[in-house]
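These notes concern the structure reproduced below.
The values are calculated or read from the model by the stated rules, or taken from the named source; none is laboratory data. Note that the coordinates shown come from a computational prediction; the quantities given were computed from them, not determined experimentally. Note that each Cβ is placed from the backbone with ideal geometry, even for glycine, and that neighbours are counted across all protein chains shown. When the accessible area is computed, the model is the full protein with side chains, heavy atoms only, and any ligands, DNA or RNA have been set aside. Shrake-Rupley method; radii C 1.70, N 1.55, O 1.52, S 1.80 Å.
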Amino acid sequence: MINKKLFSFVFLKSEASSLRSLQENVSKLDVKVVLVCLIVPLSLTCTRYLGDAQFVISILYDVKLTGLAQAMSHILQQHSNAQLHQLIYWASVIIFFYFVFPAGIILFVFKESLTEYGLQLKNAGKGYPLYLGMLAVMVPLVFYFSGSESFLDRYPFYTVARNESLFPNFFIWEIVYFLQFLALEFFFRGFILHGTKHRFGFYAIFVMVIPYCMIHFGKPMPETIAAIIAGVVLGYLSLKSKSIWLGVMIHCSVALTMDLCALYRKGIF
């Protein structure tokens, strides 16, 4: 349970800071908020389209970069480890547009530290009881829903054949998968939340939850609904502690649980 006094403190502190910022800059265009609100849809669009390897390959053919298109097609479609390469490519696109690109904007345009956007380790462990509570709720739910056809059709992303060893490909994928979650948490609970809280105050949490929910469209409905709740909780934790690391831990823990449950249900693990 969230402590009511602590909640009130976080709420009032965020609102007071937002009001103070608005009063001091009421006659100025808030360039930071404008850039954040433009970079977010740009990054989401790029991950949606450039994350589709076939779309990129077709563009390379269209611009007459045939050699590059053929090489990419071989690595991602004909290679013996094509499935792993496809997933690493997809995750790399997300890591670039969710982490590298916004981090560059923070460092070279905003000229601010990444620690101000959730990467600080100080206070990272604050709120761990809530983390443990979320895991206690999520693990049995994941196990229950892991028996559904829609769940097993989607997880794990890396399809392990019955006679295939989990090492090394599955382990490689899980490491890359976790890095993708770090990028995701930085983008939503770092860049969006801390990049707009001076204008929206506490309500920056709910602004962030809108695109966060939408990236789950196409996934099983219970997972998408859960993303709304998780987005609010993780946003609150990040706003309170100024750290995304608990969110990263939650995401990685739940994702690993989902994959292991899926492998168990399929008789592989």
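Things to note:
- Tally of residues being crowded, with 18+ Cβ neighbours inside 10 Å, touching a helix residue (DSSP H, G or I) at 6+ places or on another chain (Cβ under 8 Å) and farther than 20 Å from residue 177 by Cβ across segment 217-242: 8
- For segment 78-89, filtered to residues that are part of a helix (DSSP H, G or I) and open to solvent by less than 80 Å² (accessible area, probe 1.4 Å), the residue that is nearest to residue 56 (Cα to Cα) is 89.
Conditions tested, residue by residue: (1) modelled with pLDDT under 95; (2) within 24 Å of residue 37 (Cα to Cα); (3) of a type in the set (Ser, Thr, Tyr).
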site	(1), (2), (3)
173	no, no, no
183	no, yes, no
189	no, yes, no
198	no, yes, no
212	no, yes, yes
223	yes, no, no
233	yes, yes, no
244	no, yes, no
263	no, no, no
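- Search result, residues across segment 166-215 that are under 19 Å from the mean Cα position of the chain (by Cα) and of a type in the set (S, T, N, Q): 180, 196
- Residue match in segment 47-54 (condition: in contact (Cβ under 8 Å) with a residue 24 or more places away in the chain, aromatic (Phe, Trp, Tyr) and open to solvent by 30 Å² or more (accessible area, probe 1.4 Å)): no
- Every pair of residues 6+ apart whose Cβ atoms lie under 8 Å, when the first sits in segment 121-132 and is at pLDDT 80 or above and open to solvent by 50 Å² or more (accessible area, probe 1.4 Å) while the second is in a helix (DSSP H, G or I) and hydrophobic (A, V, I, L, M, F, W, C): 121/245; 128/246
- Candidates 33, 40, 93, 109 - the one that is closer than 30 Å to residue 205 by Cβ, touching a residue at least 60 places away in the same chain (Cβ under 8 Å), of a type outside the set (Ser, Thr, Tyr) and touching a Leu at 6+ places or on another chain (Cβ under 8 Å): 109
- Residue identified as out of contact with any Gly (no Cβ under 8 Å at 6 or more places or on another chain), touching a residue at least 24 places away in the same chain (Cβ under 8 Å), open to solvent by 60 Å² or more (accessible area, probe 1.4 Å) and within 30 Å of residue 29 (Cα to Cα) among 187, 145, 200, 178: 200
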